[in-house]
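The values are calculated or read from the model by the stated rules, or taken from the named source; none is laboratory data. Only a predicted model underlies this, so the values are computations on that prediction, with no experimental measurement involved. A quick note on method: Cβ atoms are made from the backbone with ideal geometry, for glycine too, and the neighbour counts reach across all protein chains shown.
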Amino acid sequence: MNVAPPPLLAVEDLRVSFATPTGPFHAVRGVSFTLGRERLGIVGESGSGKSLTGRAIMRLLPASAQLSARRLSFDGIDLLSASTKTLRGLRGARISLVMQDPKYSLNPVMTVGEQIAEAARIHGGVSKIEARLRALAMLEAVRIRDPERVFRLFPHEVSGGMGQRIMIAMMLVPEPDVLIADEPTSALDVTVQLQVLAILDDLVRQRGMGLLFISHDLELVASFCDRVLVMYAGRVMEELSARDLASARHPYTRGLLNSLPRLGDERAELPTLSRDPAWLEER
Amino acid sequence: MISVRDLAITFGSGPGAVHAVRGVSFDVADGESFGLVGESGSGKSTVLRALAGLNRLWTGSATLGETSARVQQPRLVQMVFQDPYASLHPRHTVDRALSEPLEIHRIGDANERVERALADVGLGPAFRFRYPNQLSGGQRQRVAIARALMLEPRVLLLDEPTSALDVSVQAEILNLLRRLRVERRLTMILVSHNLAVVAHMCDRLAVMNRGLVVEEMDVATLRRAEPREAYTRQLLTASKGYDREVASGIVTFD
Ligand SMILES: Nc1ncnc2c1ncn2[C@@H]1O[C@H](COP(=O)(O)OP(=O)(O)OP(=O)(O)O)[C@@H](O)[C@H]1O
Ligand SMILES: Nc1ncnc2c1ncn2[C@@H]1O[C@H](COP(=O)(O)OP(=O)(O)OP(=O)(O)O)[C@@H](O)[C@H]1O
Ligand SMILES: [Mg+2]
Ligand SMILES: [Mg+2]
């Protein structure tokens, strides 16, 4: 008998809200999905709750956020009831988050190389020398030219695309089981982007890592991921196989696709979304 | 409007020096929109920062209008930064971010101007008294664009202005920028990794690699996918989406 392997991540009815002077603001409203050893994309317009969904899984929401879920588990561990200590042991080591804002999440007074080496040391239990070597190897893997030089730079001395790759290197060096990557390649030129995605792809195929890939680049997600969740106003509007994304029929998804400029056509005015109030309703 | 000749920018000195820009030349006419594309770390942001007067340690020449780019001219030129997180002060509300340039330059009717600027970038009045950490990535970038427009500059330097935005907001911002460009006769330099965005927004573009301009072309040539250089052809292939084979075949150009 074939038993399907349990998912790495199971999320059921995830909700995140904030108290505001005019009452609670529901930023994530009942999101459910599972993640196996695959590439799952999350797309959707700005403010639809993609980043908060990723941060909720890491239990890294701002203190002002209210979190609830029927289920939120990683590899059988209940993340809702897990102790701070358990969570700290998981974060970075077994589940990693590449944040949307690389410079925000790097320590400004420490060289980028030391930060990656520290990640290797804390989570990989290796010596200082070994950690340095791993950090250099990882910088090279994410196609940083001249890793020795970049190792010694401070965050403000690296370009936007280098900062993103440094974050990715830092998150991959402990070899996590799940990587949540929030717009990980938005600052990369297209060739480096492809090379970095190939690294993630290989980790999924060869090591069985689970990848949650948050992006607003629909064409990239369509070509890179296995499945896609399309989010709107804190909800999953539809779930599709990535190869069907281009032919999606939901008017919201179609609207997103139509608003893309394309090399092949010369529209002066790009169509923007007209939002249907019915999309807001919870089913 | 903009003229750059043999611009060279080096960080540090001695054996550890980084030659970020190694002799770049281009011209942008009044009212023209010019794209800068190319590899990450090739010096695009460094060129823009020099033009905005934020870095004066360069050689060669760079002028805006009749004046050297070494002189800061905030009412002539404004820049929108690549990183919307770093460019907004975390403890200043949106209102303060937008009204501050008006105060500094003693420009009146701040109230209406702030309201109009928010509306122009598609943010409702509810956003006016929020702090950056209460905004999504895309909302922050819209505030950054609104702020750059407060002083009604004639030149706008845009560093990846839509890479943090979702596609619908990107369409709104690109439509807005195209409209402003016509209405205010704006001259623009746009840095973007997205070749379709550059094609949509620009008349001409320069392709950079390792601190040099590899080639300059008009947008029609880009649309026909007929660049001269192998480096640019690889860029075009890679922009067609993810393909493991293509990824393995990428070569480094020096
Ligand atoms: N600390 C906070 N306080 C109040 N509202 C917040 C806070 N953080 C996020 N929000 C709101 O929650 C909503 C979802 O935010 P989130 O960052 O998840 O969006 P997103 O889908 O990642 O958008 P983007 O594509 O722009 O990054 C947004 O409307 C945002 O303004
Ligand atoms: N303050 C600095 N100190 C030292 N080196 C720097 C500094 N700023 C930039 N550099 C270096 O200059 C080079 C060009 O950086 P720049 O930010 O201009 O690249 P870019 O083309 O904008 O790349 P991206 O597309 O990744 O944003 C990089 O090698 C970077 O490390
Ligand atoms: Mg986000
Ligand atoms: Mg840059």
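Quick rundown of the values:
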| quantity | calculated |
| --- | --- |
| Which listed residue is in contact (Cβ under 8 Å) with a residue 24 or more places away in the chain and either within 16 Å of ligand 3 (Cβ to nearest atom) or within 16 Å of B:PRO153 (Cα to Cα) (or both), from B:ALA29, B:ALA50 | B:ALA29 |
| Conditions (1) assigned to a loop (DSSP other than H, G, I, E, B); (2) within 15 Å of ligand 1 (Cβ to nearest atom): number failed by B:GLN73 | (2) |
| Residue within region A:128-151 that is outside any helix (DSSP H, G or I), modelled with pLDDT of 90 or more and farther than 25 Å from B:ILE250 by Cα present | no |
| Matching residues, region B:224-254, being at pLDDT below 90 and either more than 10 Å from chain A (Cβ to nearest Cβ) or under 27 Å from B:VAL21 (Cβ atoms) (or both) | B:ILE250, B:VAL251, B:THR252, B:PHE253, B:ASP254 |
| Looking only at region A:199-247, and only at residues there that are hydroxyl-bearing (Ser, Thr, Tyr) and closer than 15 Å to B:TYR242 by Cα, the one that is farthest from ligand 2 (Cβ to nearest atom) | A:SER223 |
| Any hit, region A:105-121, residues being part of a helix (DSSP H, G or I), within 16 Å of ligand 1 (Cβ to nearest atom) and at pLDDT below 90 | yes |
| Among the residues listed as A:LEU139, A:LEU153, A:LEU106, the single one being of a type in the set (A, V, I, L, M, F, W, C), in contact (Cβ under 8 Å) with a residue 60 or more places away in the chain and within 14 Å of another protein chain (Cβ to nearest Cβ) | A:LEU106 |
| Selection count, region A:243-283, where residues are away from every other protein chain (no Cβ under 11 Å) and outside any helix (DSSP H, G or I) | 7 |
| Filtered residue count, region B:227-246, keeping only those that are under 24 Å from the mean Cα position of the chain (by Cα) and under 19 Å from A:SER215 (Cα atoms) | 4 |
| Some residue of region A:165-176 being surrounded by fewer than 22 Cβ atoms within 10 Å (Cβ to Cβ) and either of a type in the set (D, E, K, R) or more than 15 Å from the chain's Cα centre (by Cα) (or both) | yes |
| Residue match in region B:64-74 (condition: in contact (Cβ under 8 Å) with a residue 24 or more places away in the chain and of a type in the set (A, V, I, L, M, F, W, C)) | yes |
| Region B:76-97, residues that are in a helix (DSSP H, G or I) and either within 16 Å of ligand 1 (Cβ to nearest atom) or in contact (Cβ under 8 Å) with a residue 24 or more places away in the chain (or both) | B:VAL94, B:ASP95, B:ALA97 |
| Of all residues making up region B:98-132, the number that are within 23 Å of the chain's Cα centre (by Cα) and within 16 Å of ligand 1 (Cβ to nearest atom) | 5 |
| Residue match in region A:103-123 (condition: of a type in the set (Lys, Arg) and under 30 Å from B:GLN139 (Cα atoms)) | yes |
| Test: residue in region A:34-51 that is in contact with a His (Cβ under 8 Å, 6 or more places away or on another chain), more than 16 Å from ligand 4 (Cβ to nearest atom) and more than 11 Å from chain B (Cβ to nearest Cβ) | no |
| Whichever residue in region A:186-219 is in contact with an Asp or Glu (Cβ under 8 Å, 6 or more places away or on another chain) and within 16 Å of ligand 3 (Cβ to nearest atom) and, among such residues, is modelled with the highest pLDDT | A:ILE214 |
| Qualifying residue in region B:122-129 (condition: modelled with pLDDT under 90 and closer than 30 Å to B:MET1 by Cβ) | yes |
| Residue among A:ASP146, A:ASP78 that alone is farther than 12 Å from A:MET170 by Cβ, more than 16 Å from ligand 4 (Cβ to nearest atom), in the same structural domain as A:MET170 (by TED's automatic domain parsing) and not β-branched (Val, Ile, Thr) | A:ASP146 |
| Cβ-Cβ under 6 Å pairs, at least 6 apart or on other chains, region B:123-145 side more than 9 Å from every other protein chain (Cβ to nearest Cβ) and among the β-branched types (Val, Ile, Thr), far side more than 16 Å from ligand 3 (Cβ to nearest atom) and part of a helix (DSSP H, G or I) | B:VAL143/B:VAL94 |
| Matching residues, region A:81-115, being over 20 Å from the mean Cα position of the chain (by Cα), among the aliphatic types (A, V, I, L, M) and not assigned by TED's automatic domain parsing to the domain that holds A:ALA137 | A:ALA82 |
| Region A:228-248, residues that are modelled with pLDDT of 95 or more and polar (S, T, N, Q) | A:SER241 |
| Any hit, region B:207-223, residues being under 18 Å from the mean Cα position of the chain (by Cα), within 22 Å of B:VAL80 (Cβ to Cβ), crowded, with 23+ Cβ neighbours inside 10 Å and at the interface with chain A (Cβ under 8 Å from one of its Cβ atoms) | no |
| Selection within region B:13-53 - within 13 Å of chain A (Cβ to nearest Cβ) and of a type in the set (A, V, I, L, M) | B:ALA17, B:VAL18, B:ALA20, B:VAL21, B:LEU36, B:VAL37, B:VAL47, B:LEU48 |
